[in-house]
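Note sheet for the following structure.
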Amino acid sequence: MSQVEFDLGPFWLGAAGIGNLLHEVTDDDARATVDAAWDAGVRGFDTAPHYGLGLSERRLGAALADRPRSSFTLSTKVGRLLVPGPGDGTDDEGFAVPNDLVRQWDPSAAGIRRSLDESLGRLGLDHVDVAYLHDPDVYDLTAGLTQGLPALAALRDEGVVRAVGVGSNSVDALCAAIETGLCDVVMLAGRYTLLEQPAAALVERCAELGVDVVAVGVYNSGLLSCPVPADDATYDYAAAPPELVERARALAAVCERHGVTLPEAALAFPRQAAAVRTVAVGAQSAEQVRENAARAAVEVPGALWDELRAGGLLEV
């Protein structure tokens, strides 16, 4: 089990949104988002070079600059270096930023160290607490687990970071990662949610091995973020298939019977698992942070989970 304390406030703030995920966010709104999280008691923050080609790290670092470093915990990710790009348009991986930089996969020991050093420069910090190898399955999982992850573990052993692991939405990739024995923690994206639990066996195995789990994507990219899912709801950043919309509506109906909303239950669900230490939730405005904080404060009755299981809507 990691030596890092993950249960910090109602949730961790996921900072992809302030990196202009899908649309532009002003500097003022990005700062207000982090400030609102702090005011809500959030003391864990997650970012990555991938998020807005460094914009998320720069904005998060600026917003935290006046906070005592010992008062918060921060994670970032390695494996994607940012190198000069064509500068002739916008990023093609979902962030509304210029493409004057592009991502370059480098799982080598030198690449991992460079990635972390450059992140520290953007953040304006002398250390981060947790470093994840980011989406190695997108590039070369074998190289990631035989080069990148051992390089991260070496940095941990040197005291450069306190905990290391892998972040991915691939259950297979994370299963392979934890069996290396090098992971303190995994960041599991969108695969252990109220909607679906294909990572159930992974989460159980993490508990057996003493590997912490940080669950992200708990709203399944929007589908579970409203009390009643709309026809045009999104799932994995695309239009949700009709059958998943209907499943989400069935979940919502059960939630309503127990006096909670679908997003309140979605935020609470992953933390029922022993290995899940916290959830990280993204936001692009102070209002969204405050809404999530109010949801996190709701006590979800155990009878809700029982009814969902009895009705075949929950598999764990």
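Please count how many residues of the range 81-119 are over 17 Å from LEU22 (Cα atoms) and either of a type in the set (Gly, Ala, Ser) or loosely packed, with under 13 Cβ neighbours inside 10 Å (or both).
Total meeting the criteria: 13.
How many residues does the range 20-51 contain that are farther than 15 Å from LEU64 by Cα and not aromatic (Phe, Trp, Tyr)?
So the count comes out to 10.
Residues of the range 41-55 being on the phi < 0 side of the Ramachandran plot, out of contact with any Lys or Arg (no Cβ under 6 Å at 6 or more places or on another chain), buried (at least 20 other Cβ atoms within 10 Å of the Cβ) and assigned to a loop (DSSP other than H, G, I, E, B), which ones?
Across the range 41-55, the qualifying residues are VAL42, THR47, TYR51.
Return only the number of the condition from (1) among the basic types (Lys, Arg); (2) more than 18 Å from the chain's Cα centre (by Cα); (3) assigned to a strand (DSSP E or B) that ARG277 does not satisfy.
With respect to (1) among the basic types (Lys, Arg); (2) more than 18 Å from the chain's Cα centre (by Cα); (3) assigned to a strand (DSSP E or B), ARG277 is out only on (2).
Quick grid of which residues meet (1) within 23 Å of THR73 (Cα to Cα); (2) in contact (Cβ under 8 Å) with a residue 40 or more places away in the chain; (3) among the β-branched types (Val, Ile, Thr):
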residue	(1), (2), (3)
GLU179	no, no, no
TYR192	no, yes, no
ALA201	no, no, no
CYS206	yes, yes, no
GLY210	yes, yes, no
PRO229	no, no, no
VAL254	no, yes, yes
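Considering only residues that are part of a helix (DSSP H, G or I) and in contact with a Lys or Arg (Cβ under 7 Å, 6 or more places away or on another chain), look in the range 222-273 and name the one that is surrounded by the most Cβ atoms within 10 Å (Cβ to Cβ).
At the first step, the residues of the range 222-273 found to be part of a helix (DSSP H, G or I) are 222, 242-257, 262-272.
If we keep only those that are in contact with a Lys or Arg (Cβ under 7 Å, 6 or more places away or on another chain) as well, we get 263-264, 267.
Working: PRO263: 21, GLU264: 21, LEU267: 27.
Ranking the qualifying residues of the range 222-273, first place goes to LEU267.
For PRO136, all conditions in the list (1) farther than 17 Å from SER56 by Cα; (2) open to solvent by 10 Å² or more (accessible area, probe 1.4 Å) hold save one; what is the number of the exception?
(2) is the only condition that PRO136 fails.
Against the condition modelled with pLDDT of 95 or more and either in a helix (DSSP H, G or I) or surrounded by fewer than 20 Cβ atoms within 10 Å (Cβ to Cβ) (or both), how does ALA131 come out, does it pass?
Numbers: modelled with pLDDT of 95 or more: yes; either in a helix (DSSP H, G or I) or surrounded by fewer than 20 Cβ atoms within 10 Å (Cβ to Cβ) (or both): no.
Taking the combined requirement at face value, the residue does not satisfy it.
Answer with yes or no whether THR33 is open to solvent by less than 30 Å² (accessible area, probe 1.4 Å) and touching a Gly at 6+ places or on another chain (Cβ under 8 Å). Steps first, answer last, please.
On the way: open to solvent by less than 30 Å² (accessible area, probe 1.4 Å): yes; touching a Gly at 6+ places or on another chain (Cβ under 8 Å): yes.
Judged against the criteria, THR33 is a match.
What's the total number of residues in the range 112-125 that are of a type outside the set (Lys, Arg) and without any contact (Cβ under 8 Å) to a residue 40 or more places away in the chain?
The total comes to 3.
So, of the residues in the range 274-291 that are closer than 26 Å to ASP184 by Cα and out of contact with any Gly (no Cβ under 8 Å at 6 or more places or on another chain), which turns out to be surrounded by the fewest Cβ atoms within 10 Å (Cβ to Cβ)?
Here the residue is ALA274.
Can you name the residue in the range 56-80 that is in contact (Cβ under 8 Å) with a residue 60 or more places away in the chain and open to solvent by 30 Å² or more (accessible area, probe 1.4 Å) and is also nearest to ALA151 (Cα to Cα) among such residues?
ARG58
Within the range 212-221, how many residues are out of contact with any Leu (no Cβ under 9 Å at 6 or more places or on another chain) and either open to solvent by 70 Å² or more (accessible area, probe 1.4 Å) or in a loop (DSSP other than H, G, I, E, B) (or both)?
0
Pull up the range 151-176, narrow it to residues that are open to solvent by less than 10 Å² (accessible area, probe 1.4 Å) and in contact (Cβ under 8 Å) with a residue 40 or more places away in the chain, then point me to the one that is nearest to ALA109 (Cα to Cα).
Only one residue fits best here, namely LEU152.
List every residue pair whose Cβ atoms sit under 9 Å apart, with the two residues 6 or more apart in sequence or on different chains, where the first one lies in the range 90-102 and is among the polar types (S, T, N, Q) and the second, anywhere, is assigned to a loop (DSSP other than H, G, I, E, B) and open to solvent by less than 80 Å² (accessible area, probe 1.4 Å).
THR90/ALA96; THR90/VAL97; THR90/ASN99; ASN99/LEU53; ASN99/GLY85; ASN99/GLY87; ASN99/GLY89; ASN99/ASP91
Of the residues VAL42, VAL25, VAL83, which single one is touching a helix residue (DSSP H, G or I) at 6+ places or on another chain (Cβ under 7 Å) and β-branched (Val, Ile, Thr)?
After applying the criteria, what remains is VAL25.
I need the full set of residues from the range 196-210 which are crowded, with 24+ Cβ neighbours inside 10 Å and either at pLDDT below 95 or assigned to a loop (DSSP other than H, G, I, E, B) (or both), in order please.
ALA199, the sole residue that qualifies.
Out of all the residues in the range 1-40, which are among the small types (Gly, Ala, Ser), touching a Lys or Arg at 6+ places or on another chain (Cβ under 6 Å) and closer than 24 Å to VAL78 by Cβ?
Within the range 1-40, just ALA30 meets the criteria.
The values are calculated or read from the model by the stated rules, or taken from the named source; none is laboratory data. Bear in mind that the values here come from a model prediction, so they are computed numbers and not experimental data. Methodologically, a virtual Cβ is constructed for each residue, glycine included, from the backbone with ideal geometry; neighbour enumeration extends over all protein chains shown. Heavy atoms of the whole protein, side chains included, go into the accessibility calculation; ligands, DNA and RNA do not. Shrake-Rupley method; radii C 1.70, N 1.55, O 1.52, S 1.80 Å.
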